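A short write-up of the structure that comes next.
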Amino acid sequence: MAWNHKSRVTAMSVAIQAGQGQFVQPNRTTDLIAVSAPTNTHEITSTEDPTATGTVWESNRIILGETATLGATIPLRGPGGLAPPALNTWPVGRLLQSGGFTEIRKAAPSNGIVQGNVSNTRFEIEGETPISGLLIGAPIQHDFFGAGFKRTSIIVDNDGATDVVSCGESCGNTANGPYIIPAYLSYQLGTLTGAPVFLSVSIWRDRVRYDYVDFQPTSIAMNLPVANEANTNFPDITFQGRGLIRAVADDTTPALPSSVLGVPPAPVRNGKFFLDRTRLGHQQLGFTETLTVAGASNQNAAAGQDGYDIISGTRQVSLDLNQMAVADYNIRGAVDVQTQMPVMSTWGGGSGNNFGFVLPSVVLDPFSPGDRNGFVSLTGNAYATVVDRSAALTIWW
C-alpha cells in the first residue's frame, strides 16, 4: 500500500445547497472550480475541565467540536462557449452568490436605437427593463464608445421609468443610432439583508476528499492588475470562509476538464479603465468585501450551533494610479469635496471570456505618491456610497 500522497494533486468543487444544513455532494465534473493553492484548515472548539485532579496537573481539555476555514485563489477565466450557461451552473458564480452577489443572465442579445441624449453622460435607450438598477453591470455596444473591443461600455445606472442609462464613461453629445446589449452573465452585489446561498464544498488532497457544509465566505477579493512586461499577473478572485466538516473519505482527485483549462485567464490590457468617467493610466484595481460570519446557538444541531450566517460586512476599493497632471484630473479636489464617482474596467479574451467590472458610486480617500518601476504612482482607497448594487462583475458573449 502506498502511503505517500502528493500535495500538488488537489481540486475543489462547490454546490449550492437547498438550505442551511442540507449538504449536497458536489459533482466530480460539473461542479469543479479552477483554483490555485486551496486551503482547508480544521480548528478545535474546546473548553478547560475545571475539575481538580489531586495533583499539580490540570485536567485535560474537553473537545466540543470541530470547524474549518477554507480558501483558494481563482485565476479569473470566463465560462467560454457560445452562450451564457444556465443560472447557478458556473461554479465561480456560485461562490459570488454565497458572498451576496445576485446572478443575472441575459440569454440572447437585444438591440435598439438610442432615443436621444439627456446629457453627455446619460442617454435614452428603448425599453429594456422597467426595473431601476437592474442593468447595472450590463454591457452595451455603440460606435460612439469606440471600435472593436472598445466599442463595449458598461452601464452604471438605469432608470426603469424613463429608460435612461449612464455608463462608466462619457458618451459625449452624439449618442444616436443603433446599439446592442449582448448576451451576458452578471453578478450584482446586494444588501445582504437576505440570506445568501449556502455552499457545500469538496476539497481533494490526492486520494482523500474533505467535505464541508454551510460554507459562507469571510472575504472575497477581486484583484485586477494590468498585465505588462513589468507585471505578468492575471486577474483573480481570492476568497476565504468558514464551514462545518461533513466527512473525510478516500476518493481519487478528479482532473479539471479541458473545457475549463481551454479557457485561459484573460489578461487585463487593451480594454478600458475610467475613474470618474476620466480615462487614466493605472496598475491595479482591487475590490474586497470583508464579512463577519457566526453560527447561532442551537442545541438541536450536532455542532451545538446552526451553520454560519453573514452578520456584517465592509467593502473597500484599492487603486494604484499613474500620477497625472492636475489639469488633466484633480484627484485631490475630488477627495476634498468627496465627489461621488463611478469606476469602470473592461478587458477580454473572447466570447464568454470578456469581462467588465463597475463600481457605480464611490468616494476617494487621500492618495499618496510613490515609486512603481521607476514611475510615480498614486495609491489610495475608495469606498462605496450605495448599499444595494454597489459592485458588478459581468461576462459577455
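The values are calculated or read from the model by the stated rules, or taken from the named source; none is laboratory data. Everything quoted here is computed from the prediction, not taken from an experiment. Methodologically, a virtual Cβ is constructed for each residue, glycine included, from the backbone with ideal geometry; neighbour enumeration extends over all protein chains shown. The area values use the complete protein model at the heavy-atom level, side chains included, leaving out ligands, DNA and RNA. Shrake-Rupley method; radii C 1.70, N 1.55, O 1.52, S 1.80 Å.
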Checked T51, T41 against criteria (free of Cβ contacts under 8 Å to residues at least 40 places away in the same chain, within 21 Å of V213 (Cβ to Cβ) and open to solvent by 60 Å² or more (accessible area, probe 1.4 Å)); the one match is T41
Would you confirm whether or not the stretch 184-204 contains a residue that is surrounded by fewer than 20 Cβ atoms within 10 Å (Cβ to Cβ), touching a strand residue (DSSP E or B) at 6+ places or on another chain (Cβ under 9 Å) and either closer than 24 Å to R269 by Cα or charged (D, E, K, R) (or both)? no
If you go through the stretch 88-131, how many residues are modelled with pLDDT under 95, in contact with a Pro (Cβ under 8 Å, 6 or more places away or on another chain) and either open to solvent by 20 Å² or more (accessible area, probe 1.4 Å) or not in a strand (DSSP E or B) (or both)? 2
Out of the stretch 305-328, which residues are of a type outside the set (A, V, I, L, M, F, W, C) and open to solvent by 40 Å² or more (accessible area, probe 1.4 Å)? Q305, D306, D309, S312, G313, T314, R315, Q316, S318, N322, Q323, D328
Looking at the structure I just gave you, is G148 free of Cβ contacts under 8 Å to residues at least 24 places away in the same chain, of a type in the set (G, A, S) and open to solvent by 10 Å² or more (accessible area, probe 1.4 Å)? yes
I need a count of the residues in the stretch 63-87 that are polar (S, T, N, Q) and in a loop (DSSP other than H, G, I, E, B). 0
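Looking for something of a type in the set (D, E, K, R), open to solvent by less than 90 Å² (accessible area, probe 1.4 Å) and either closer than 21 Å to D236 by Cβ or touching a Leu at 6+ places or on another chain (Cβ under 9 Å) (or both) - is there at least one such residue anywhere in the stretch 8-25? Before the answer, list the steps.
Our first condition is that a residue be of a type in the set (D, E, K, R); within the stretch 8-25, this holds for 8.
Still in the running and open to solvent by less than 90 Å² (accessible area, probe 1.4 Å): none.
No - not one qualifying residue is present in the stretch 8-25.
Can you tell me which residue among Y329, Y308 is in contact (Cβ under 8 Å) with a residue 12 or more places away in the chain, of a type outside the set (S, T, N, Q) and within 28 Å of A147 (Cα to Cα)? Show your work before the answer.
Numbers: Y308 fails: within 28 Å of A147 (Cα to Cα).
That would be Y329, the only listed residue that is in contact (Cβ under 8 Å) with a residue 12 or more places away in the chain, of a type outside the set (S, T, N, Q) and within 28 Å of A147 (Cα to Cα).
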